[in-house]
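Okay, structure first, notes after.
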Amino acid sequence: MITSGEIVLQRDGDREFDAYLARPAGAGPGTRPSIIIFTEMFGMARHNFEMADAYARRGFLALVPNLFWRSPYPGELGYDEPDRSAAFARLAAFDVEAGGRDIVTAVKWLRGQPPNNGKVFALGFCAGGRMAFVVAANPAQAAGFRFTYVSNTGNDINNCDSPATACATFNTALGQTANYGEIDCVNTGPYGQSFTITQSVTINCAGAIGGKMARSS
Amino acid sequence: VNGAGIVVRLRNLSIDSSGFESFGIDGQNMAALYIENCIITNLNTANGGSSPFLGIKFEPSAGTSQLFVTNSIISNNGKSGVVSGGIDIVPGSGVAAQVSIDRSQINGNIFGIIADGTSGGIIKGTITDSVVSGNSQNGITVSSAGSSVVLQVDRTTVGSNANHGLVAGGSGAGMLVSNTNVFNNGGGLFTAGGGTLYSYGNNHVNGNNGDDGSFTGTVGQQ
């Protein structure tokens, strides 16, 4: 039995970087790649979600990010006029650089999720096909940050790359940290549940002596 | 910790299970694991967690793997009646574990430190400038009927452990001991099954409940 639905990857003022997530049942931590699906220029549509669900039923964590979340109208558009012209206009105004950062945010988030083994498979359709290449064009960022941060006031929708954007858990921070990178503690925690380290990394809570990683429940 | 060839450094962490987890740190597969300035405590039954309750379990499954525990406190771990406690080193078959425990306190656990060749792994380790005290079983134990398991213990205090201070069990197990105090344990030195405890001739072994025991032999100083 899969679980699926909308999640929020990032917030900017009132705007939300939303995505559709389909999560498989029973996938152990670090066991398999995840899948990111980029939509056509018409935006987030049912058939994209159904594809994500289909991958989840086959055991893969699948994410459909809404790359048009920064656009004036971020929702789905139809194939017929006037929506069709609106879709072309939205695509023409698309900020590829910001979109690239958003993709990195989404990829890193996926890499921080328990079933992920560090690999993310990207596929896109029509305008979304270009986005799959944008992922490949940002390998350094997509490989993770040299330093990341955790805080007991952090949030796992953050990218963990500064104390102000710290994540809440070591597990998510590990997904955002480059091989041989370092995770630092912003404060003393506690930081909740146990986690598995599968990459070379330093975890350093020097700034938070007495910090605890104890399970909090 | 589980990744082929990885190097993991854990610094300045307080790992307090409060009785929920069974391992503080579980080293399963890695090239090297550094534990520096850490406190690992309360891996025990307080809240009904499951066995085996170890502060550090080092059980590398492949190749040669190194463990460095420096300036750390490992206390109040383990479950009475099972092999559990502070640090348990059990490399897999054919795996070589190299271990350094330096300037650390391993106090108030069930067993203190165990180096175990049962799985067929080889262990070479040093314990220096440390205290292994108040554990309710043995202080430092080496155990192997087959593969070589040898610890060198220097400038270390082994005191007030309820069972023996230093124990070598099995023909593959040995300890080389210098500048070390073994005091007020349930028994001092204990060997069985061909295990060996060698002294460099400058240790203090006294007051161990009338059972100081004796070293298997001495090793000359250079």
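The values are calculated or read from the model by the stated rules, or taken from the named source; none is laboratory data. Predicted, not measured: the structure shown is a model, and the values here were computed from it. Here Cβ is always computed from backbone atoms with ideal geometry, including for glycine, and neighbour counts include all displayed protein chains.
List of remarks:
- The residue list A:60, A:49 contains one member that is closer than 23 Å to residue A:171 by Cα, buried (at least 20 other Cβ atoms within 10 Å of the Cβ) and in contact (Cβ under 8 Å) with a residue 12 or more places away in the chain, which is A:60.
- Residues of the range B:88-124 classified as of a type in the set (Gly, Ala, Ser), over 15 Å from residue B:54 (Cα atoms) and buried (at least 21 other Cβ atoms within 10 Å of the Cβ), total: 4
- When the test is whether a residue is under 18 Å from residue B:1 (Cα atoms) and away from chain B (no Cβ under 14 Å), residue A:176 passes it.
Conditions tested, residue by residue: (1) aromatic (Phe, Trp, Tyr); (2) more than 11 Å from residue B:91 (Cβ to Cβ).
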residue	(1), (2)
B:27	no, no
B:32	no, yes
B:40	no, yes
B:46	no, yes
B:55	no, yes
B:58	yes, no
B:64	no, no
B:67	no, no
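- For the range B:1-51, a residue qualifies if it is assigned to a loop (DSSP other than H, G, I, E, B), touching a Gly at 6+ places or on another chain (Cβ under 8 Å) and more than 28 Å from residue A:178 (Cα to Cα), and the qualifying residues are B:19, B:20, B:22, B:42, B:43, B:44, B:45, B:46, B:47, B:48, B:49.
- When residues of the range A:179-199 are limited to those that are more than 20 Å from the chain's Cα centre (by Cα) and either crowded, with 17+ Cβ neighbours inside 10 Å or more than 10 Å from every other protein chain (Cβ to nearest Cβ) (or both), the one modelled with the lowest pLDDT: A:192
- Residue within the range A:20-42 that is over 20 Å from residue A:113 (Cβ atoms) and of a type in the set (Gly, Ala, Ser) present: no
- Looking at B:99, B:132, B:90, B:95, just one residue is of a type in the set (Val, Ile, Thr) and farther than 24 Å from residue B:73 by Cβ, and that residue is B:95.
- Residues in the range B:1-55 that are within 9 Å of chain A (Cβ to nearest Cβ) and β-branched (Val, Ile, Thr): B:1, B:6, B:7, B:8, B:15, B:39.
- Residues satisfying the criterion are absent from the range B:29-52 (criterion: surrounded by fewer than 17 Cβ atoms within 10 Å (Cβ to Cβ), closer than 22 Å to residue A:198 by Cβ, at pLDDT 95 or above and not polar (S, T, N, Q)).
- Sole residue being under 18 Å from residue A:127 (Cα atoms) and surrounded by fewer than 22 Cβ atoms within 10 Å (Cβ to Cβ), chosen from A:106, A:89: A:89
- Checking each residue in the range A:98-115 for being under 22 Å from residue A:76 (Cα atoms) and either small (Gly, Ala, Ser) or more than 12 Å from the chain's Cα centre (by Cα) (or both) picks out A:98, A:99, A:100, A:106.
- Per-region count, the range A:138-157, residues at pLDDT 80 or above and over 19 Å from residue B:3 (Cβ atoms): 9
Matching residues to (1) part of a loop (DSSP other than H, G, I, E, B); (2) over 19 Å from residue B:58 (Cβ atoms); (3) modelled with pLDDT of 95 or more:
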| site | (1), (2), (3) |
| --- | --- |
| B:137 | yes, no, yes |
| B:141 | no, no, yes |
| B:147 | yes, no, yes |
| B:165 | no, yes, yes |
| B:201 | yes, yes, yes |
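- Scope the range A:6-43; condition at pLDDT 90 or above and at positive phi; matching residues: A:43
- Residues being part of a loop (DSSP other than H, G, I, E, B) and hydrophobic (A, V, I, L, M, F, W, C) - total across the range A:70-95: 3
- Failed condition for residue A:203, given (1) at pLDDT 80 or above; (2) closer than 15 Å to residue B:15 by Cα; (3) within 11 Å of another protein chain (Cβ to nearest Cβ); (4) not in a strand (DSSP E or B): (4)
- Single residue of A:179, A:155, A:171 found to be over 18 Å from residue B:9 (Cβ atoms) and polar (S, T, N, Q): A:155
- Of the residues screened, residue A:80 is one that is at negative phi, at pLDDT 90 or above and of a type in the set (D, E, K, R).
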